[in-house]
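Report on the structure given below.
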Amino acid sequence: MNGILMSRRRLLLSGAAGASGLLLVGCDSLSRNRSVKRVLARAEGLTFATQRALQPRLALAREFSEADLSPVFKANGTMRPDTPQYLDLLEQGFANWRLVIDGLVDRAMALSLADLGRLPARTQITRHDCVEGWSAIGKWIGPQLGPILKTAGLRPNARYVVFHCADNLGNEPSKGGDQSAGRYYESIDLVDAFHPQTILAHSMNGAPLPVRHGAPLRLRVERQLGYKQAKYLMRIEAVDSFERFSGGKGGFWEDRGYEWYAGI
Amino acid sequence: MTANTHGSPAPPERIRRHSVVTRLTHWLNVLAVVVLVMSGLQIFNAHPRLYWGQAGANADMPFIEITSVVSGADGRRGVVRFGRHAVDTTGFLGLSGSLDDPMRRGFPAWATLPGYQDLATGRRWHLFFAWVLVLNGALYVLYNAASGHLRRDLWPTTRELAPTHVWSEVKAHIRLRWPTGEADKSYNVLQKLTYLSVIAVALPLILLTGLTMSPGFNAIAPWLLDVLGGRQSARTLHFIAAAFIVGFIIVHVGLVLLAGPWNLMRSMVTGRYTVRPDRRSPAQSPYAPSAS
């Protein structure tokens, strides 16, 4: 009896020691392990499916009043793209800038800022939630993406919309992790693309969109985190899959380990 | 092994204390909570400031901030700021790691998952084990509500809630006098209230405040923003609820170590618990007499 007890005690103790050792020493190697990462990433699909099942298609993000506007709206990511192409466009006040809409559409388009300004615009005061944890409230004005895509005529096999941006991003020490540089891009599915609050904002807090916030045009997709709100938009491409772009995960931060579904 | 005071050997009384569901969910919960706390601190480190209200970022006044400052002769120091008050926390919060190469980070490497700074991986751990906590917690609550365990063993009776009784339990705990005989076969009122505060208050609060930080969930249940005072308030409450749970774990593990770790650990692994032999008649419980 004592022998059994002792061996069981030893088993328990070594189990406990093994478990805590695994946790304290092995966390970092587990965090780098591809299979572990793959298993952990499966929660994203469950979260996405659950939120979409509970979320009415047109359910709106909270909208605020002018009184709620953040005194300072923190800018993050690229503050000023440094490519010659962008700097040229900026110098000319974006007179020569065109938003290209192509891919799986019947009528590819190239829209100027004036063209976009003529479209019916939506004004929304919403909360911007950075993946790092902070939030800021801003007022955005711009045309809804849905009607623009309808005008372009999405082909039946289009499933996602990819946003190509003008900026190269890299070295964001606050986030840690993969710090490799690359061209910014993002993607959303058609549920979000046709959501009424998904707009192409050319105005922020009553003024033309400032450079640090993505001039001349940025995406607002209000039911997701800040990194989905692509700045410096150049081209919107309708696709059936985003696997052929860059790292294949559907966005700059997605290629660096973040969730494609950034609703949480 | 044990003998009563009259010298005649009496076999220790063994009871089945924990059901297999309770034991399984307990240990899965241990794993989930450890991962959630450590990965939560990793996420917190990406922006080690807490605010009150709907929004809040660097230009806004934080409620609590962990940072580091250069202070004259001392060089760089880690500090925690509560409003206008600052506390030096060098070596733990704000600035930690080796003396030669200190790191400017909110919580130190040993407290975060992963240890190195990596918000993306911290989020992967956190959002996976959040599901483990929720599903495991749902199994625990559903099973134990159906089996009657929650009502029978965890819900305090009116008599137990009488201030004099609660006070006698507090005194017994402070003197480290553990229940014996019949009294040792059930939870005392302090245990009941503590377990219920975790099961019915802290864990639901941490789930709801977590969900209130989700912009997708805000569109599903916008009323949570009103109930909890906004997304940044929810983030602060999430942190406070986590601190409460960490506090509970420290007290819980401490009391297990003081009250007989072998017997208590075995009961949570195999389910069997050896009742402490009675020193006096059960009628005079709780617990042992005071010296008078």
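The values are calculated or read from the model by the stated rules, or taken from the named source; none is laboratory data. Worth saying up front: this structure is predicted, and the values here are computed from it rather than measured. Note: ideal-geometry Cβ built from the backbone for every residue, glycine included; neighbour counts use all protein chains shown.
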Kindly indicate whether any position in region A:79-89 is without any contact (Cβ under 8 Å) to a residue 60 or more places away in the chain and surrounded by 11 or more Cβ atoms within 10 Å (Cβ to Cβ). yes
For region A:33-76, how many residues are at the interface with another protein chain (Cβ under 8 Å from one of its Cβ atoms) and in a helix (DSSP H, G or I)? 12
So which of B:Leu139, B:Leu127 is within 14 Å of chain A (Cβ to nearest Cβ) and either modelled with pLDDT under 95 or under 23 Å from the mean Cα position of the chain (by Cα) (or both)? B:Leu127
Please work out which one of (1) more than 9 Å from chain A (Cβ to nearest Cβ); (2) within 24 Å of the chain's Cα centre (by Cα); (3) surrounded by fewer than 14 Cβ atoms within 10 Å (Cβ to Cβ) is the condition B:Trp110 fails and give its number. (1)
Examine region A:124-144 for a residue that is away from every other protein chain (no Cβ under 13 Å) and loosely packed, with under 15 Cβ neighbours inside 10 Å, and state whether such a residue exists. no
Being away from chain A (no Cβ under 13 Å), touching a Pro at 6+ places or on another chain (Cβ under 8 Å) and not in a strand (DSSP E or B) is the filter here, so list the residues in region B:92-106 that pass it. B:Phe92, B:Leu93, B:Gly97
Has region B:146-153 got at least one residue that is of a type in the set (A, V, I, L, M), within 19 Å of the chain's Cα centre (by Cα) and in a loop (DSSP other than H, G, I, E, B)? no
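Let's see how each residue does on (1) within 16 Å of the chain's Cα centre (by Cα); (2) part of a helix (DSSP H, G or I); (3) more than 12 Å from chain A (Cβ to nearest Cβ):
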{"residue": "B:Gln232", "(1), (2), (3)": "no, yes, no"}
{"residue": "B:Arg235", "(1), (2), (3)": "no, yes, no"}
{"residue": "B:His238", "(1), (2), (3)": "yes, yes, no"}
{"residue": "B:Ala241", "(1), (2), (3)": "yes, yes, yes"}
{"residue": "B:Phe244", "(1), (2), (3)": "yes, yes, yes"}
{"residue": "B:Gly247", "(1), (2), (3)": "yes, yes, yes"}
{"residue": "B:Ile250", "(1), (2), (3)": "yes, yes, yes"}
{"residue": "B:Leu255", "(1), (2), (3)": "yes, yes, yes"}
{"residue": "B:Leu258", "(1), (2), (3)": "no, yes, yes"}
A:Asp115 fails exactly one of (1) surrounded by 21 or more Cβ atoms within 10 Å (Cβ to Cβ); (2) away from chain B (no Cβ under 14 Å), namely (1)
Limited to region A:212-264, what total is found for residues that are more than 14 Å from chain B (Cβ to nearest Cβ), touching a residue at least 24 places away in the same chain (Cβ under 8 Å) and more than 19 Å from B:Pro215 (Cβ to Cβ)? 16
Within region B:201-222, can one find any residue that is part of a loop (DSSP other than H, G, I, E, B) and away from chain A (no Cβ under 14 Å)? no
Does A:Ala207 satisfy the criteria of being more than 10 Å from chain B (Cβ to nearest Cβ), free of Cβ contacts under 8 Å to residues at least 12 places away in the same chain and not acidic (Asp, Glu)? yes
A:Ala110 under 24 Å from A:Asn168 (Cα atoms), at the interface with another protein chain (Cβ under 8 Å from one of its Cβ atoms), assigned to a strand (DSSP E or B) and at pLDDT 95 or above: no
Select from region A:153-202 the residues that are in a loop (DSSP other than H, G, I, E, B), within 14 Å of chain B (Cβ to nearest Cβ) and over 20 Å from A:Pro143 (Cβ atoms) and list them in ascending order. A:Asn171, A:Glu172, A:Pro173, A:Ser174, A:Lys175, A:Gly177, A:Asp178, A:Gln179, A:Ser180
Would a scan of region B:143-165 turn up a residue that is more than 14 Å from chain A (Cβ to nearest Cβ), surrounded by 16 or more Cβ atoms within 10 Å (Cβ to Cβ) and more than 17 Å from B:Thr194 (Cβ to Cβ)? yes
State all residues of region A:235-264 that are closer than 28 Å to A:Gln92 by Cβ and surrounded by fewer than 22 Cβ atoms within 10 Å (Cβ to Cβ); if no residue qualifies, say none. A:Arg235, A:Glu237
I'd like to verify a number: residues in region B:28-58 that are more than 9 Å from chain A (Cβ to nearest Cβ) and aromatic (Phe, Trp, Tyr), how many? 1
